[in-house]
Every structure is written in structure tokens, then in C-alpha cells.
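The next block holds one structure in the form of C-alpha cells; read it before the comments.
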Amino acid sequence: MPVKNNDITYEITHAPAYASLRLSLQPNQTVFVESGGMAAMDSWINMKSKVHGGLMKGLGRMLGGESLFLSEFTAQGKAGDLYISPGVPGDIQHYYIDGTGLMIQSSGFVASGTTVEIDSKFQGFKGFFSGESLFLIKTTGRGDVWFSSYGAIIEIPIAGDYVVDTGYIVAFEDTLNYSVEMLGGLSFKGLRTGILGGEGLVCRFSGNGRLWVQSRKLSTLVNFLNPFRPTKSD
């Protein structure tokens, strides 16, 4: 059923495997969508691409794995429906920003209201050592945000400390502090755990807030399928 108690009425269908997002825009209402995300829409919805927030913020999003441009959709004169489908099969989650910012994994941003600020946040070398992007997508302000992942999205409330494999993080509230470390510590025991046990770098969260993780990791699927790739014979 459509959810109406937000700025933008929406409905998420076919979750969690092949989630699709339907936004029901009111007359002259506008929404930002990640470039290439539109699947279908009413003919009176107008689309234009723009560098949201200026060139520097656009370049920051590009370094974080997002497109330099965002697509801006406006229902011209009357209400209309806009269908959005992320590029990777999986889930879509809604979050309403109202004072607490949301950090989203690189390439996880789907759409937002026009009152939401979208920027990138440099993680420093902890992002490099985690094997993930050096940048996260940072959303602040007030309004609706939708994000996606490969696999189902699981919400975890945190009060204290919590540990997550870096490859499973989808999003988290900016009230949480985090640091990247090796499971078992930087020692021979930690290296043995990573090499023999299949585990490695983890993110340790602390504080109070919500965390969203994905039920599957895309890199694991890629590694599983790699031996089955067709190869050229000499």
C-alpha cells in the first residue's frame, strides 16, 4: 500500500529481491533521482539533469561512485506517478531526515526530496583499508530519502558497540561513530582469522542510532561466479 505520511507519497513493491519504487508526485512537486534510475513515468512529468549543489558537490558524488548529475523530475500541472528501479537487484529502504543525517554507501542513493542536501564525505584512509570506497554519500536537511542495496536490507538499532563486516554496510545515522579494524586485531591471530576463516576488515560502530546492513554481498557473488566465466582458448 502507498505510504502517505511523508512529504512524498511512495510505494515499494517486489521487495526484497527485485524492489521497485513508485513515487506519486503531487501537481508541480519535484524529486531528485539518481541518474539512470527512471523506469517509467506519466507523460506530463518533466525531467532534466543538473549538477545538484554545484560542481564541487557533484564531483564529490562522482568520486563516491555516484553520477555527476542527478535527474530532476517535476509533475507539470497535475499529479503523476514515477517508477524507479535501481541497477542492482535487491531491496529499497525509505528514511525521513529530520535533524539526524544519514550516511549511505557509495552507489546506494536512489532518490530524495528537494529539501534534502546530498554530498560526499571523505572517509580518509580507513575507507581505503576497508576495501570500500573512500567516500560515503551524506544526506542532511529535512525530507524523504530512499536508498538501495544488493540483497535484503536489515535495520539494526544500536545502543553501545556493534561490529559489521565492511562489505555489508548499507547506511547508518550520523549519530554513530565508526572505525575500521581487522577482526581479531592487527596481529598474527587477526591475520590467521582473516585468511583461514574468510573474515577480514570490520567496522566497529559506537553510540546510539540505527544501522542498515544488506543480507548479501555483491563481491562474494562475483567471486563465486568467476570460475564459471567463459574464457578464450589459445
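The values are calculated or read from the model by the stated rules, or taken from the named source; none is laboratory data. Note that this is a predicted model, so its numbers are computed, not measured. Ideal geometry is used to build each Cβ from the backbone, glycine not excepted, and the neighbour counts take in all protein chains shown.
Annotations for the structure displayed:
- Elements of type strands (runs of 3 or more DSSP E) contained in region 75-120, each with 3 or more residues being surrounded by fewer than 21 Cβ atoms within 10 Å (Cβ to Cβ): 90-98
- Which listed residue, of Tyr162, Tyr168, is farther than 18 Å from Ala111 by Cβ, touching a Ser or Thr at 6+ places or on another chain (Cβ under 9 Å) and at pLDDT 95 or above: Tyr162
- Output for region 147-165, where each listed residue is closer than 15 Å to Met103 by Cβ, out of contact with any Cys (no Cβ under 6 Å at 6 or more places or on another chain) and among the hydrophobic types (A, V, I, L, M, F, W, C): Phe147, Ile153, Ile156, Ile158
- Checking each residue in region 154-175 for being small (Gly, Ala, Ser) and either touching a His at 6+ places or on another chain (Cβ under 6 Å) or surrounded by fewer than 18 Cβ atoms within 10 Å (Cβ to Cβ) (or both) picks out Ala159, Gly160.
- Scanning region 180-224 for residues that are at pLDDT 50 or above, among the hydroxyl-bearing types (Ser, Thr, Tyr) and out of contact with any strand residue (DSSP E or B) (no Cβ under 7 Å at 6 or more places or on another chain) yields Ser219, Thr220.
- Cβ-Cβ under 6 Å pairs, at least 6 apart or on other chains, region 1-17 side in contact (Cβ under 8 Å) with a residue 12 or more places away in the chain, far side among the basic types (Lys, Arg) and surrounded by 13 or more Cβ atoms within 10 Å (Cβ to Cβ): Glu11/Arg22
- For Lys48, the requirement of being in a strand (DSSP E or B), among the basic types (Lys, Arg) and at pLDDT below 95 is met.
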